[in-house]
Every structure is written in structure tokens, then in C-alpha cells.
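The values are calculated or read from the model by the stated rules, or taken from the named source; none is laboratory data. Predicted model, so just to flag it, every value in this text is computed and none were measured. For accessibility, only protein heavy atoms count, side chains too; no ligands or nucleic acids. Shrake-Rupley method; radii C 1.70, N 1.55, O 1.52, S 1.80 Å.
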Amino acid sequence: QVQLVESGGGLVQAGGSLRLSCAASGRTFGTYAMAWFRQAPTKEREFVAAVTWGGFSTRYADSVKGRFTISSANRNTVYLQMNSLKPEDTAVYYCAAAPGAIRTSDTEYQYWGQGAQVTVSS
């Protein structure tokens, strides 16, 4: 059974940092792209960042470029380092996996975690 489990969310002041982790299990993800999406209250889920295993390719949403860094380790863990956080980064963050290349549409991701709440206070 495939599982993606997020951890590391929480409450932080604006300008602070958090690191999210996503532990993947249940299959071999070596040929998958791993991504982070987020969904704020009353808004649609949006792409944040994605990486291929080994870190050979990454992609970021314009809103997080230069502040967030996605990375992978041991072919079963994906991280999202979030620096210089802003109140508008407040959302539930989801880890997702899709076969093949990086894509930014959530409809193309096959597996999803349960989500981790990130709250940034002003």
C-alpha cells in the first residue's frame, strides 16, 4: 500500500522558517516526480514545488522562488525547506507523487499525503 506521510508543519511568525518532510513507502518511487501543493481556506489547491529523485530536476511556483527549496533523500523522503515565510504562505501543504516528469497540475498526481498545516502569523 502506497503511503505519503507529511510532517513538520506548525505555527511560525512572518520571516521565520519551517521544514516539511514527506516519507514515501509502499512502492519504488525512483521514476516518479515528487511535489508539494498547498491549499489555503477558500482557495484552490496550487502547485508549490517539485523534484525528481536525485534532485536532477526541480521546479518552483513563482510565489516561492528564492524562499523555498525542495530536495530528496534516500529515494523515500522529500523535504520542503521554507524560509522567509509570509502570512500568505498559510495553508495545508500536501505531498504528492506522479510517474515520470515533473508536472504542475494536481490532477496528474497519483498519490497524496494527508496534509500538514502551516500557519504564518503577522
In terms of solvent-accessible area of protein heavy atoms at a 1.4 angstrom probe, what is the ranking of 31, 58, 52, highest value first?
31, 58, 52
Return the sequence-ordered ³J(HN,Hα) values of the stretch 82-96 in whole Hz as given by the Karplus equation 6.51 cos²θ - 1.76 cosθ + 1.60 applied to θ = phi - 60°, using x for Gly and Pro.
10, 10, 6, 5, 10, x, 6, 7, 4, 4, 8, 9, 10, 8, 9
Kindly report the accessible area of the chain per residue (heavy atoms of protein chains, probe 1.4 Å, no ligands, DNA or RNA), in Å².
50
Note, the stretch 51-59: 3J(HN,Hα) by Karplus (6.51, -1.76, 1.60, θ = phi - 60°), whole Hz, Gly/Pro = x, goes 8, 9, 4, x, x, 5, 9, 9, 8
Using Cα springs under 10 Å in a Gaussian network model of the chain, which residue among 47, 37, 56 shows the largest mean-square fluctuation?
56
Accessible surface of the chain, 1.4 Å probe, proportion on carbon and sulfur as whole %:
45
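Which whole-number percent gives the relative contact order of the chain, counting Cα pairs below 8 Å spaced six or more residues apart? Before the final figure, lay out each step's value.
Numbers: 318 pairs, mean separation 42.9, N = 122.
Here the relative contact order equals 35 percent.
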Per residue of the stretch 74-81, in order, report the coupling 6.51 cos²θ - 1.76 cosθ + 1.60 (Karplus, θ = phi - 60°) as ³J(HN,Hα) in whole Hz, putting x for Gly and Pro.
6, 6, 9, 9, 10, 10, 10, 8
Spatial separation of Cα centroids for the stretch 1-37 and the stretch 98-122, in angstrom:
9
